[in-house]
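Enquirer: Got a structure for you, questions after.
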Number of protein chains: 2
Amino acid sequence: MSRYRAWFAAQDDPDERYPLTDVVYYSRSGGLLEVQHDMAALGERSAEEWKQLFDSRWMRTTWPYGSGVWGKKEWVCPEVDDANVVSTFEGGSNLFWAERFGREIGVEDLWIKMCGNAHTGSFKDLGMTVLVSVVKQMISEGRPIRAIACASTGDTSAALAAYGALAGIPTIVFLPKGKVSLAQLVQPVAHGATVLALDGDFDACMRVVRAVTSNPDSGIYLANSLNSLRVEGQKTVGIEIVQQFDWAVPDWIVIPGGNLGNTFALGKGLLMMYDLGLISRLPRIVCAQAERANPLYRAFQNGWRYEPIKAETTAASAIQIGDPVSINRAISTLKRFDGIVEQASEQELADAAARADRTGAYACPHTGVALAATIKLVERGVIARGDRVVVISTAHGLKFSRFKVDYHENSLPGVTSRYANPPVELPADVDAVRRVLAQRMGE
Amino acid sequence: MSRYRAWFAAQDDPDERYPLTDVVYYSRSGGLLEVQHDMAALGERSAEEWKQLFDSRWMRTTWPYGSGVWGKKEWVCPEVDDANVVSTFEGGSNLFWAERFGREIGVEDLWIKMCGNAHTGSFKDLGMTVLVSVVKQMISEGRPIRAIACASTGDTSAALAAYGALAGIPTIVFLPKGKVSLAQLVQPVAHGATVLALDGDFDACMRVVRAVTSNPDSGIYLANSLNSLRVEGQKTVGIEIVQQFDWAVPDWIVIPGGNLGNTFALGKGLLMMYDLGLISRLPRIVCAQAERANPLYRAFQNGWRYEPIKAETTAASAIQIGDPVSINRAISTLKRFDGIVEQASEQELADAAARADRTGAYACPHTGVALAATIKLVERGVIARGDRVVVISTAHGLKFSRFKVDYHENSLPGVTSRYANPPVELPADVDAVRRVLAQRMGE
């Protein structure tokens, strides 16, 4: 048994507590639940000892500690049996030095945390490994759970279906019909989930999944982002970034924001390091939103007064959300981290992604939003030339081939593709090829 | 300066040698060149010392040794300056325990090496980091190289374009027009390569790129798989697999085969470990081919008498090759490793990929070929129930969304989709959803 403990606590009443293996999503007052850790017990180990422990496990073979998430098990979910951990050794993604892109935009110490380089191609694996492991633990303890369900614009459903398939736990995925990319729809299908494509938007899917899971006796466990278990895994991204800099804290972390659970999670992991003495200062956090789905940006401009909006269609489909589940948690996080919210137009996000690709990255549209926000903050002098900046890339560009093809065919709605690089079609003739190359190399 | 040395040597005359930084592709007799290492120098370090060195670098932050490839730099390409290494920290991909799939097919110790979980989504990164780093070294030494070119059915061009973009070295990619998936074509385009789509098949592309690069004064360096530098990076996949089992050798390694450079590379890495005493036995190697592109399989059936064929269209597009560049090297490797060649029909490869997906993997068609071959060898009792088997997954399933969508829509040519799992379209209505779920859960 672990000497460490974690539990759900009501945001508005820390004394209202539940085991992490209870089927409970809301506090008595209807608020969200947070996972709290026994910080006193964690504090009995020194900061140096934690760093050494985490470094000794990093990407190694001892199950399950080689996972970037489970290598921090005591901080994440200490009471799950190792045998119930469902893991693809998530985390440990490359911290990519965007050397050429950084020089282009005027900040030389620029890095991209490639969270999309993952089993399901997005950062959602970090949280889903924790949630599905806890469900496996619940089942092993005899709870009558028959399936796990979520409503998702794509990446969450892909991760849930993959981890469910890995564990042999049935999954149910609610998708807004025709609103997600082929690559995103096919993952839960391929992973054997029951995929229900509903005539409606994401909010409609949320209503239905909540109704279906509201009764604990339904045997269907809810995996949406209001489920705080996923935050415990997602929060390791900030810890990993610092660890990958040999425990040095960057000046800025830029993260794309939709439902905003990831912004809150990023802050939570960093604050745990701060409270336990592993770091002595905090980075500033920039949350980047698409201009067409920018409720947090509007709140930031408006003295943090928040109002839900109706999100418009954006290429950054996974953050096309008008009323984020984690709005309040994200605002508190940004206040704590001297945070900024910046936005990017379709033109700005598409061009930023294209410029990153030309310098060796392979950016999804959401990463494009974060890169565009970074460019604007550098141009405005908010981010200084010498600052160390980390941009969190949330999904692999391979999930958005259509977006990239449309860009390079100059057919993205509302976008003029300044960096388009269409292929040249030629006969299989050496002289014809030599002529084209002479032109190109002459440029 | 490194105390270790490597050089090109002619296969037919080991005394015909060239520096790795020479622009040379063939021996005087027109044969392939091999990279040879100073094994005596490498042998001055004990096997235990090598294991400890490699483990101490594994996925850590010290440039460039955190890369799975460059963590073995002395064995790969010892004389490249660290400053000229072009790396995305490739390698270190998850060794995925296919627990449920293994139970289904009757071999419980089954693992999938997820090489597609990489910067460009395929195992080609392992080799390309070495080739582009050597070119950067050549340029830094004043050689007049203006660009790197390759002909490719997809993954190679994606990797070349990405590493070229990262290094700021122009790249030229020759693709057979309309023969590769959208996701594969768009990568070199996005990475800013000059993409020439030729009216012709892969062999036609090869002829053209060889003509264009034949003259060393062209300033265009050839990056095709006849270039043995890439083998040096690719060979680390076998070393990594053993390292990820804490230096225990599996009984079988199954790898899909097209141009067959990867089969040769797999063997080369394992033999280096064997010759330097890190392992005391060799695994058996299975090369898996698509039935519609099976020249090596035919040779195996025919007492290793090889004849080129005209490959037919297969969903496993990256191994749709009738006359493999590395045929002879691959045959020698298979002889040395008590090797087997097995083939898979379109039906077999598609079903195998679908079954793997339902159990948590996300298999590309080529991985489907390898999994189908594994199933057949288990059914025939060649692979025993208790054997430890590693299947090498060469690309991320995300690169083949169309293949998966077609499968689950039951529209793959010549395939009946036994494991199709189409989405269910419904109104956003709770009762309608409850009815469908009651059915499904009742099953």
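The values are calculated or read from the model by the stated rules, or taken from the named source; none is laboratory data. Because the structure is a prediction, the values reported are computed rather than measured. Every residue, glycine among them, receives a Cβ derived from its backbone with ideal geometry; neighbour counts consider all protein chains shown. Note: accessible area is taken over every heavy atom of the protein model, side chains too, but ligands, DNA and RNA are not part of it. Shrake-Rupley method; radii C 1.70, N 1.55, O 1.52, S 1.80 Å.
Enquirer: Relative contact order of region A:114-250: what whole-number percent is it, with Cα pairs under 8 angstrom and at least 6 residues apart?
Expert: Working: 213 pairs, mean separation 38.4, N = 137.
RCO, region A:114-250: 28 percent.
Enquirer: For A:LEU398, what is the net charge nearby, where nearby means another residue's Cβ is under 10 Å from its Cβ and Lys, Arg count +1, Asp, Glu -1?
Expert: On the way: positive: A:LYS399, A:LYS404, B:LYS399; negative: none.
Here the charged neighbours net out to +3.
Enquirer: Report the percentage of all Cα-Cα pairs in region A:364-415 whose separation exceeds 16 Å, rounded to a whole percent.
Expert: Details: 698 of 1326 pairs.
Value for region A:364-415: 53 percent of Cα pairs lie more than 16 Å apart.
Enquirer: Run the dipole for region B:180-252 about the Cα centre, Lys and Arg Cβ at +1, Asp and Glu Cβ at -1, nothing else charged, and hand back the magnitude in debye, nearest 20.
Expert: Values: 4 positive and 8 negative charges, 44 e Å.
Using Cβ point charges on Lys, Arg, Asp and Glu, region B:180-252 gives about 200 debye.
Enquirer: Run the reach check for B:LYS335 against aspartates and glutamates, Cα to Cα strictly under 18 Å, same-chain hits fewer than 8 apart removed. What comes back?
Expert: B:ASP251, B:ASP275, B:GLU307
Enquirer: Could you check which residue among B:GLY360, B:GLY233, B:GLY397 shows the biggest mean-square fluctuation in a GNM of chain B with a 10 Å Cα cutoff?
Expert: Among B:GLY360, B:GLY233, B:GLY397, the largest mean-square fluctuation in the Gaussian network model of chain B belongs to B:GLY360.
Enquirer: Something else now. Among B:PHE403, B:PHE300, B:PHE245, determine the one that fluctuates most according to a GNM of chain B built with springs between C-alpha atoms less than 10 Å apart.
Expert: Sorting by GNM fluctuation, first place goes to B:PHE245.
Enquirer: I need the shape label for region B:65-215. Rule: rounded when a/c is under 1.5, else prolate if a/b > b/c, else oblate, with a, b, c from the alpha carbon gyration tensor. It would help to have the intermediate numbers written out before the result.
Expert: Values: a/c = 2.48, a/b = 1.28, b/c = 1.93.
Cα axes put region B:65-215 in the oblate bin.
Enquirer: Express the relative contact order of chain B as a whole percentage, based on alpha carbon pairs under 8 Å and six or more residues apart in sequence.
Expert: Once normalised by length, the contact order is 15 percent.
Enquirer: At a Cα cut-off below 19 Å, give the aspartates and glutamates reachable from A:LYS136, other chains included and same-chain residues fewer than 8 away excluded.
Expert: A:ASP22, A:GLU74, A:GLU79, A:ASP81, A:ASP82, A:GLU90, A:ASP125, A:ASP217, A:GLU232, B:GLU99
Enquirer: Measure out, as a whole number of angstrom, how far apart the alpha-carbon centroids of region A:368-443 and region B:235-311 sit.
Expert: Using only Cα atoms to place each centre, the spacing works out to 37 Å.
Enquirer: Continuing with the same structure: Rank A:ARG28, A:ARG3 by accessible area, highest first, at a 1.4 Å probe radius?
Expert: Descending accessible area places them as A:ARG28, A:ARG3.
Enquirer: Now for a separate question. In the neighborhood of A:GLU104, defined by Cβ-to-Cβ distances under 11 Å, what is the net charge if each Lys or Arg adds +1 and each Asp or Glu adds -1? Before the final figure, lay out the partial values.
Expert: Values: positive: A:ARG100, A:ARG103, A:ARG355, A:ARG358; negative: A:GLU99, A:GLU108.
Spelling it out: positives minus negatives among the neighbours equals +2.
Enquirer: Can you tell me the 0 to 90 degree angle between the C-alpha axis of helix B:365-379 and the longest principal axis of chain B, rounded to 10?
Expert: Between helix and principal axis, roughly 70 degrees.
Enquirer: Taking region A:241-294, which trypsin sites (Lys or Arg not before Pro) meet the DSSP loop condition and have no more than 10 other C-beta atoms within 10 Å?
Expert: Working: sites: A:LYS268, A:ARG281, A:ARG284, A:ARG292; in loops: A:ARG281.
In loop regions of region A:241-294 (DSSP not H, G, I, E or B), the sparsely surrounded trypsin sites (Lys or Arg not before Pro) are A:ARG281.
Enquirer: Given Cβ point charges of +1 (Lys, Arg) and -1 (Asp, Glu) and nothing else, what value in debye, to the nearest 20, does the dipole of chain A about its Cα centre take? List each step's numbers first, then the result.
Expert: Numbers: 46 positive and 50 negative charges, 45 e Å.
For chain A, the charge dipole is close to 220 debye.
Enquirer: Next question. Where Lys and Arg each count +1 and Asp and Glu each count -1, what net charge lies around B:ARG17 among other residues with Cβ under 11 Å from its Cβ?
Expert: Values: positive: B:ARG5; negative: B:ASP13, B:ASP15, B:GLU16, B:ASP22, B:GLU34.
Around B:ARG17, the charge tally is -4.
Enquirer: I'd like to know which of A:GLY368, A:PHE403, A:GLN234 lies farthest towards the positive end of the charge dipole of chain A, counting +1 on Cβ of Lys and Arg and -1 on Cβ of Asp and Glu.
Expert: Going by the charge dipole, the pick is A:PHE403.
Enquirer: Hey, what number do you get for chain B at 222 nm if only DSSP H runs of n ≥ 4 count, each worth -39500 (n - 2.57), divided across all residues, to the nearest 500? It would help to have the intermediate numbers written out before the result.
Expert: Values: 17 runs with 174 residues, N = 443.
Helix-only estimate at 222 nm: -11500 deg cm²/dmol.
Enquirer: In terms of the Cα gyration tensor, with a ≥ b ≥ c the square roots of its eigenvalues, is region B:390-443 rounded because a/c is under 1.5, prolate because a/b exceeds b/c, or oblate? Write out the running numbers ahead of the final one.
Expert: On the way: a/c = 2.38, a/b = 2.16, b/c = 1.10.
In terms of gyration-tensor shape, prolate.
Enquirer: Still on this model: Among A:ILE255, B:VAL186, B:GLN244, pick out the residue whose Cα is farthest towards the positive end of the charge dipole of the protein assembly as shown, where Lys and Arg carry +1 and Asp and Glu carry -1 on C-beta, about the Cα centre.
Expert: B:VAL186
Enquirer: Separate question: If you place +1 on the Cβ of every Lys and Arg and -1 on the Cβ of every Asp and Glu, how big does the dipole about the Cα centre of the protein assembly as shown come out, in debye to the nearest 20? Kindly include the intermediate steps, with their values, before the conclusion.
Expert: Numbers: 92 positive and 100 negative charges, 80 e Å.
Charge dipole, the protein assembly as shown, about its Cα centre: 380 debye, nearest 20.
Enquirer: Out of the GluC sites (Glu not before Pro) in region B:93-153, which ones are loop residues according to DSSP with at most 11 other C-beta atoms within 10 Å?
Expert: On the way: sites: B:GLU99, B:GLU104, B:GLU108, B:GLU141; in loops: B:GLU108, B:GLU141.
Of the GluC sites (Glu not before Pro), the ones in loops of region B:93-153 whose Cβ has at most 11 other Cβ atoms within 10 Å are B:GLU141.
Enquirer: For chain A, what is the Kirkwood hydrodynamic radius in Å, using each pair of distinct C-alpha atoms?
Expert: On the way: mean 1/r = 0.0447 Å⁻¹.
Mean inverse Cα-Cα distance, inverted, gives 22.4 Å.
Enquirer: Let me ask something else. From Cα coordinates alone, what are the radius of gyration and Dmax values for the protein assembly as shown in angstrom?
Expert: So, for the protein assembly as shown, Rg and Dmax equal 26.2, 82 Å respectively.
Enquirer: Calculate the length of the line joining the C-alpha centroid of region A:122-176 to that of region B:141-208, in whole Å.
Expert: Using only Cα atoms to place each centre, the spacing works out to 39 Å.
Enquirer: Continuing with this model, one more query. Evaluate 2.2 N^0.38 Å with N set to the residue count of region A:27-139, then give the Cα radius of gyration divided by it. Display every interim value, and only then the final one.
Expert: Values: Rg = 17.2 Å, N = 113, 2.2 N^0.38 = 13.3 Å.
The value comes to 1.30.
Enquirer: Show A:ILE340, B:ILE309 ordered by accessible area, largest first, where the area counts protein heavy atoms only and the probe is 1.4 Å.
Expert: Working: A:ILE340 20, B:ILE309 40 Å².
Reading off the accessible areas and sorting them downward yields B:ILE309, A:ILE340.
Enquirer: So for the protein assembly as shown: antiparallel DSSP bridges make up what percent, rounded to the nearest 5?
Expert: 30 percent
Enquirer: Follow-up question, since we're still on this one. How big, on average over all directions, is the shadow cast by the Cα convex hull of region A:131-270, in nm²?
Expert: Working: hull surface 37.3 nm².
Averaged projected area of region A:131-270's Cα convex hull equals 9.3 nm².
Enquirer: Say we join alpha carbon atoms closer than 10 Å with springs in a Gaussian network model of chain B; which of B:LYS376, B:LYS235, B:LYS404 then has the biggest fluctuation?
Expert: Maximum fluctuation in the GNM of chain B, among the listed residues, is at B:LYS376.
Enquirer: Taking only Cα atoms, what is the 0 to 90° angle, nearest 10, from helix A:202-213's long axis to the longest principal axis of chain A?
Expert: Helix A:202-213 sits roughly 20 degrees off the main axis of chain A.
Enquirer: Using the charge dipole of region B:171-291 (Lys, Arg: +1 at Cβ; Asp, Glu: -1 at Cβ; taken about the Cα centre), state which of B:ALA288, B:GLY269, B:MET206 has its Cα farthest towards the positive end.
Expert: Of the options given, the answer is B:MET206.
Enquirer: Turning to a different aspect of this structure: Please tell me the relative contact order of region B:9-87 in percent, rounded to the nearest whole number, where contacts are Cα pairs under 8 Å and at least six residues apart.
Expert: Details: 62 pairs, mean separation 14.2, N = 79.
Relative contact order of region B:9-87: 18 percent.
Enquirer: Something else about it: For region A:252-358, rounded, prolate or oblate, judged on the Cα gyration tensor with a ≥ b ≥ c (square roots of eigenvalues), a/c < 1.5 rounded, else prolate if a/b > b/c?
Expert: Details: a/c = 2.24, a/b = 1.41, b/c = 1.59.
Verdict is oblate for region A:252-358.
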